[in-house]
Amino acid sequence: MTEKGSRFFSFSFPVSDMHEITGKRKAVREEHPYATHHCFAWRVNPFHPEEFAQDDGEPGGTAGVPILGVIKSEELINVLIIVVRYFGGTKLGKAGLIQSYRESALRSVQHSGKKTLGLYSGFRIEYPYDQENRIREMMNRFNMKKQDELYLETVTITVRCPFEHTDDLQSMLEHHSYLGIEFERKEDRYLPVT
């Protein structure tokens, strides 16, 4: 976006922690090393939302806060938006900066593929090879996502189960423990719904 000679480039990223946020910020800074400002805002953690906004040298509240406002008004979580500005020689004033950063962030969101997040429970399941079909049937029945698998003397998989099926899955796994199926309940996480 261009406003009175200043050029604004906006980037939206899915993120879930500070490590990802730092990595994405570094990559954009490397891609645009001569930009005047790298302003950003992020919001993560659907359980207890945490958020942050940074003006990067623009007058206080004129860049990061409008970007964060777009994130909140669009009801986004686990997202980082960075708006890079190349100063064009004409000052925009506070109102102009706020409008430019807000509009740039909004355009980025509108051109991004948004995904709905759903709450998933984690399970680590260990079972004998002869129970493979039974476990696959459970995975299909409860619409689980496989995260990891390890085939040794027994099979160990890590899966995510939609939260609304957690109790049913746990009950079924307990019921089949006599077949050598063991499990451990892991943490709950928000993941994109597919």
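The values are calculated or read from the model by the stated rules, or taken from the named source; none is laboratory data. What you see is a predicted model, and the numbers here were worked out from it, not measured in a lab. Every residue, glycine as well, gets a Cβ built from its backbone with ideal geometry; the counts of neighbours run over all protein chains shown.
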All positions within the range 2-25 that are farther than 22 Å from ARG102 by Cα and of a type outside the set (Ser, Thr, Tyr): ASP17, MET18, HIS19, GLU20, GLY23
Expected output for the range 68-89 (first residue free of Cβ contacts under 8 Å to residues at least 60 places away in the same chain and under 18 Å from PHE47 (Cβ atoms), partner assigned to a strand (DSSP E or B) and not aliphatic (A, V, I, L, M), Cβ below 6 Å, 6+ apart or cross-chain) is ILE71/ARG43
What is the residue count in the range 105-140 for residues that are under 30 Å from ARG85 (Cβ atoms) and touching a Leu at 6+ places or on another chain (Cβ under 6 Å)? 0
Residue match in the range 146-159 (condition: in contact (Cβ under 8 Å) with a residue 60 or more places away in the chain, over 30 Å from ARG29 (Cβ atoms) and not hydrophobic (A, V, I, L, M, F, W, C)): no
With the requirement that a residue be of a type outside the set (Val, Ile, Thr) and more than 17 Å from the chain's Cα centre (by Cα), what does the range 54-72 give you? GLN54, ASP55, ASP56, GLY57, GLU58, PRO59, GLY60, GLY61, ALA63, GLY64, PRO66, GLY69
When only residues in the range 173-190 that are hydrophobic (A, V, I, L, M, F, W, C) and crowded, with 17+ Cβ neighbours inside 10 Å count, which is farthest from the chain's Cα centre (by Cα)? ILE181
Of the residues that make up the range 48-65, is at least one closer than 15 Å to PHE11 by Cα and either β-branched (Val, Ile, Thr) or surrounded by fewer than 17 Cβ atoms within 10 Å (Cβ to Cβ) (or both)? no
With (1) more than 13 Å from the chain's Cα centre (by Cα); (2) surrounded by fewer than 20 Cβ atoms within 10 Å (Cβ to Cβ) as the list, and ALA41 as the residue in question, which single condition is left unmet? (2)
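Matching residues to (1) farther than 16 Å from GLY57 by Cα; (2) without any contact (Cβ under 8 Å) to a residue 12 or more places away in the chain; (3) over 22 Å from the mean Cα position of the chain (by Cα):
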| residue | (1), (2), (3) |
| --- | --- |
| LYS91 | no, yes, yes |
| SER104 | yes, no, no |
| GLY118 | yes, no, no |
| GLU132 | yes, no, yes |
| GLU137 | yes, yes, yes |
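Okay, residues lined up against (1) out of contact with any Lys or Arg (no Cβ under 7 Å at 6 or more places or on another chain); (2) modelled with pLDDT of 95 or more; (3) in the same structural domain as GLY122 (by TED's automatic domain parsing); (4) among the small types (Gly, Ala, Ser):
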| site | (1), (2), (3), (4) |
| --- | --- |
| MET144 | no, no, yes, no |
| ASP148 | yes, no, yes, no |
| VAL155 | yes, yes, yes, no |
| LEU169 | yes, yes, yes, no |
| GLU174 | yes, yes, yes, no |
| TYR178 | yes, yes, yes, no |
